[in-house]
Structure formats: C-alpha cells, structure tokens
Amino acid sequence: NVPEDQADKLLLASWGLPRAVLEKYHSLGVVQMFEWQAECLMLAQVLEGKNLVYSAPTSAGKTLVAELLILKRVLETRKKALLILPFVSVAKEKKCYLQ
C-alpha cells in the first residue's frame, strides 16, 4: 500500500508531467491512479529506467503505468520510445490518445 504520507502520489499531477499531458488525461477522466499503479512507479529506480514486470487482470490499468513511464522518460531524456501493443485496434486508439 502507498504510505499515508505519500498519498499525493496517487494524483497524476504529482508525477511532474507537463500541463498539456495532465489536461489530456483529465479530459478522459483520469485524475488519479490506483494504489498498485503508484506502488509500481515508486519502486526503486523504476523512474530511472530500471526494469519493471507487473501483472494485473485485463482492464486493471496496466497501460497507464506503461504510458507514464514512457512519457516521463521521453520528456526527460528527449529520446524515442517504442510501445508494443497486442492489437491493431488498441494501437490505433493509443496513437490518437497519445498525440
């Protein structure tokens, strides 16, 4: 569980994302993460590029964790990222979503 003194980490606004990114997420109704999502992001050195393997049921929010990690790394390092998705329909959806 997320410690009480770090409860603000559940809010997307706490992760240093640009305003435009936050506004896009907010327009889609995503303002806050689940505790397990924040826990993934708070694991030692994950935000610095260390590997992360996590498992959750379908529609649990795994993609949000991946998106936040990718967005932060791309914005901070100015390097490109590759996001591999399982279906063409999901890839098209994410293309529009992330633009």
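The values are calculated or read from the model by the stated rules, or taken from the named source; none is laboratory data. What you are looking at is a predicted structure, and each value in this text was computed from that prediction instead of being measured. Because the Cβ atoms are built from the backbone with ideal geometry, glycine has one as well, and the counts that use them run over all protein chains shown. Heavy atoms of the whole protein, side chains included, go into the accessibility calculation; ligands, DNA and RNA do not. Shrake-Rupley method; radii C 1.70, N 1.55, O 1.52, S 1.80 Å.
Being in a loop (DSSP other than H, G, I, E, B) and among the aliphatic types (A, V, I, L, M) is the filter here, so list the residues in the stretch 51-84 that pass it. Selection gives L52, V53, A56, A60, A81, L82, L83, I84. Quick check on my filter: what residues within the stretch 78-99 are surrounded by 11 or more Cβ atoms within 10 Å (Cβ to Cβ) and within 17 Å of P18 (Cα to Cα)? Once the filter is applied, which keeps residues that are surrounded by 11 or more Cβ atoms within 10 Å (Cβ to Cβ) and within 17 Å of P18 (Cα to Cα), the stretch 78-99 yields Y97, L98. Consider the stretch 7-31. How many of its residues are surrounded by 12 or more Cβ atoms within 10 Å (Cβ to Cβ) and either in contact with a Pro (Cβ under 7 Å, 6 or more places away or on another chain) or polar (S, T, N, Q) (or both)? Adding up the residues that qualify gives 1.
Figure legend. Inter-residue proximity from the stretch 30-46: first residues of a type in the set (V, I, T), second residues in a helix (DSSP H, G or I) and open to solvent by less than 80 Å² (accessible area, probe 1.4 Å), beta-carbon distance below 9 Å, spacing 6+ or different chains. Indicated pairs: V30/L12; V30/L64; V31/L12; V31/A13; V31/L22; V31/Y25; V46/C40; V46/L69. If you go through the stretch 18-39 and keep only what is part of a loop (DSSP other than H, G, I, E, B) and modelled with pLDDT of 90 or more, you end up with P18, G29, V30, V31, M33, F34. Checked against (1) in a loop (DSSP other than H, G, I, E, B); (2) out of contact with any helix residue (DSSP H, G or I) (no Cβ under 9 Å at 6 or more places or on another chain); (3) under 23 Å from Y97 (Cα atoms), A44 meets all criteria but (3).
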